[in-house]
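To start, the structure itself, in structure tokens.
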Amino acid sequence: MVQSSILGFPRMGRLRDLKKANEAYWADKLSRDELLAEGKRLRLEHWKIQKDAGVDIIPSNDFAFYDHVLDHIQMFNAIPERYSKQGLEPIDEYFAMGRGHQKNGVDVPSLEMVKWFDSNYHYVKPTLQDNQTFSLTSDPKPVREFLEAKEAGIVTRPVILGPVSFLALGKADRGQSVEPITLLEKLLPVYEQLLQKLKEAGAETVQIDEPVLVFDLPSKIKDAFKPAYEKLAGAGPKVVLATYFGDIVHNFDVVDAAFKNIHALHVDLVRHPEQLEQVISHLQPSQVLSAGVVDGRNIWKTNFKKAIELVETAVQKLGKDRVIVASSSSLLHTPHTLDSEKQLPEEVKDWFSFASQKVVEVAIIAKAVTEGPASVREQLEANAKSMQARASSPRTNDSKVKERQSKITAEMHRRQNPFTERYAQQKTHLSLPLFPTTTIGSFPQTKEIRIQRNKFTKGEITAEEYEKFIEKEIEDVVKIQDELNLDVYVHGEPERNDMVQYFGERMDGYVFTTHAWVQSYGSRCVRPPIIVGDISRPQPMTVKESKYAASISKKPMKGMLTGPITCLRWSFPRDDVHQSVQAQQLALALRDEVVDLEAAGIYVIQVDEPALREGLPLRAGKERENYLSWAVDSFKLSTAGVKDSTQIHSHFCYSEFQDFFHAIAALDADVLSIENSKSDAKLLKVFIDEAYPRHIGPGVYDIHSPRVPSEQEIKDRVEEMLQYLKPEQLWINPDCGLKTRQWKETKEALKNMVDAAIYFREKY
Ligand code: GLN
Ligand code: ZN
């Protein structure tokens, strides 16, 4: 028969229970035992959801209190000494690595955390030493959790991250120079022991994730798979090797050489259905294919007809016993359950499937293929109806939007004149000094702001009262900027809960959930808005606040928008039209906003694109070039509708542009602000090397910490920047928005920043 399987289930629980438990534990409001018990309760609940849904192969060890890569770091004793020497309890040592520890005389910062492939989840980077050794903890978590499930009557398939990915995703510790993959030989015995123990505990199969197989791999990494899997294939339970988020076609040489003796291979057929035939042809005669046909990254109902066709194709070639129906990846990236959504329009709710619904889908597809469609006729019919309803709904299709898209011209992507001519006009129009100072948009989101917003959302105060409150906030920040003597002001974004949600709520084509949280890192969850249909802007979204702010300030006021790619990337996108189409619709809506801002007297407009880089496809080549081309176009479309004298800014929360510099340059933004205070100023070299003509504001201080930088520090930093940038090119600003800061440190830091700018202005 065709079995059904899930690669991982979200950890947070229905009501973000894990977040609450973790945070209560960190605040000393929950004991260690209570926290551990809550973890156990959640694991059991999640296994049971899958069992009740009829899933045949249920994962264990997919749970993590903070992050699953961090679990491995601890399990293999790859713990840097600065943590291990503190004598902390294991769970505290674990959290210390994940989020830092500052308590009872211990003060260690966290390990580095970075994005998990192209998702919005962040993992803790294995941080390795030149003389790194590994050993297995005495009570390894995968074994413990396998036994825990077994005791509850559920035989699971443990999930572990494979050794090649573990090392390839790691890095040398500060001051160390080890190349992680060279540690493979030392690491393998630990994996062998672990697999042995899992077998002893009764595990028949084990899922080993090697997601790095979707990357373009250097040969050192490629070559590591063969020795690794020659050892691991026979060391314990039968190995199901899992890849996801991309295709593995370019790494078939690895598959052929390294995976001869593994039991099964899992591939993501949601992202890359076209790899199916080729993958099948690379399987060994008895190997099983795990076909990932239920999307682990999005919230849409699976199209059963399409999924079943794909699985059937595999079954025809391999037979029913050699095919498993699976989620495309772990369901970690989807919200817990649709049942919690009480406010979604019924029409739209019928189109969605969250983790607890996806597990049912996987079981239904497996049954349809095993026993024939008649066995699940009702479900198939209901599914076809939902698909049909969604495809033809007026919510999905807006002919006006489509018509407007069909009329987009090349000119609409171009400013009237090149930068030099534009800047000449901007300079007089805005009367900007040398080394202009500005901030990135938000000012501290105080408790009072949150209270008032909450009251307004709950209907406890009227729209008018809320508006008055926001106006007062704007007045305050304008006054503060007067006192600080900044050059380009912002209105402070007090009215915005979130930089994407705020815009989504003001556009047609979006819906919002109340409980659809997904883990971003540790206990932090995000609740992305969902793009359900063609997007348009019924009316101006930010003009009122910006106009008011401009009316009371004596310096140029900067309008503040979130760019099309960031709106797209930080939402759940549609899966029925290409993302470039959605980005273009967002761009048109934002273009109208930009033009309206200009008409309202706002002559500096910043369009933030912090998500531009994370959208970059995982592999170099055509796909990446394509993305960059439509992403850049959508930014240009949104900003090019203004006069030359209006200045367009953009902002990115990172400073590594080396690999896509041409795209950044192609945005043609008059001013770019980037994060830079914690990186090497050398990264700015690319701007001279490439003769970048426009203006740049590399952040002069870190906004993630309450620490106030001295004027001297800022001067030193600017001095360094001036080695790479021309004085007339340089803007002086912080790294990013100030919403998470307190007022006290904000004012002090900005005062030092302005003083530093004045110093350079006099010097040049
Ligand atoms: N304008 C936004 C702010 O200042 C930018 C935030 C971001 O780049 N993440 O808050
Ligand atoms: Zn930023």
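Can you work out the PRE-style zone for Glu89? Point 7 Å along Cα to Cβ, and I want the residues of the range 33-58 with backbone N under 14 Å. Flagged as within label range: 33-39.
Once fully extended, how much extra length lies between Ser392 and Ala620, figured as 0.36 nm per residue of separation less the alpha-carbon to alpha-carbon distance?
Numbers: separation 228, 0.36 × 228 = 82.08 nm, distance 3.63 nm.
Fully extending the segment from Ser392 to Ala620 adds 78.4 nm.
Tell me, what is the percent relative contact order of the range 612-682, built from C-alpha pairs under 8 Å that lie six or more residues apart? Before the final figure, lay out the partial values.
Details: 52 pairs, mean separation 21.7, N = 71.
Relative CO of the range 612-682 lands at 31 percent.
Computed about the Cα centre, the dipole magnitude for the chain is approximately 580 debye when only Lys and Arg (+1) and Asp and Glu (-1) carry charge, each at its Cβ. For a quick check of your reading of the filter: which trypsin sites (Lys or Arg not before Pro) in the range 200-249 sit in a DSSP loop and have no more than 16 other Cβ atoms within 10 Å? Sparse-neighbourhood loop trypsin sites (Lys or Arg not before Pro): none present.
As a test, work out the antiparallel percent of DSSP beta bridges whose residues both lie in the chain, rounded to the nearest 5.
Numbers: 13 of 68 bridges.
Just about 20 percent of them are antiparallel.
Taking 7 Å steps out from each Cα toward its Cβ at Glu45 and Lys349 produces label points 2.0 nm apart.
Panel order for Ile535, Ile674, Ile480, by other beta carbons found within 10 Å of each beta carbon, from fewest to most: Ile480, Ile674, Ile535. Taking 0.36 nm per residue of sequence separation and removing the Cα-Cα distance, the Ser629/Ser710 pair yields an extension gain of 25.0 nm. Under the criterion of Cα pairs below 8 Å and six or more residues apart, the relative contact order for the range 19-131 equals 19 percent. Placing +1 on the Cβ of every Lys and Arg and -1 on the Cβ of every Asp and Glu, with no other charges, gives the range 390-443 a dipole of roughly 260 debye about its Cα centre.
Taking every C-alpha pair closer than 8 Å and separated by at least 6 residues, the mean separation divided by the residue count of the range 273-371 gives a relative contact order of 34 percent.
Across the range 755-763, computed HN-Hα scalar couplings (Karplus, 6.51 cos²θ - 1.76 cosθ + 1.60, θ = phi - 60°) run 4, 4, 4, 4, 4, 5, 4, 6, 5 Hz from first to last residue, x flagging Gly and Pro. Placing a label point 7 Å from the Cα of Lys260 along the Cα-to-Cβ direction, no residue of the range 162-204 has its backbone N under 14 Å from that point. For a paramagnetic label modelled at 7 Å from the Cα of Lys455 toward its Cβ, which residues of the range 496-523 fall within the zone defined by backbone nitrogen distances under 18 Å? The answer is 496-497. Once the C-beta distance of Asp107 and Lys678 is scaled by a Förster radius of 25 Å, the resulting FRET efficiency is 0.85 to the nearest 0.05.
If I stretch the segment between Lys400 and Lys763 completely, what's the gain in nm (0.36 nm per residue apart, minus their alpha carbon distance), one decimal?
Numbers: separation 363, 0.36 × 363 = 130.68 nm, distance 5.54 nm.
Residue separation times 0.36 nm, minus the Cα-Cα distance, leaves 125.1 nm.
Values in this text are rule-based calculations from the coordinates and carry no lab data. A quick note: this is a predicted structure, and the numbers were derived from the prediction, not measured. So basically every Cβ, Gly included, is an ideal-geometry build from the backbone, and we count neighbours across all protein chains shown.
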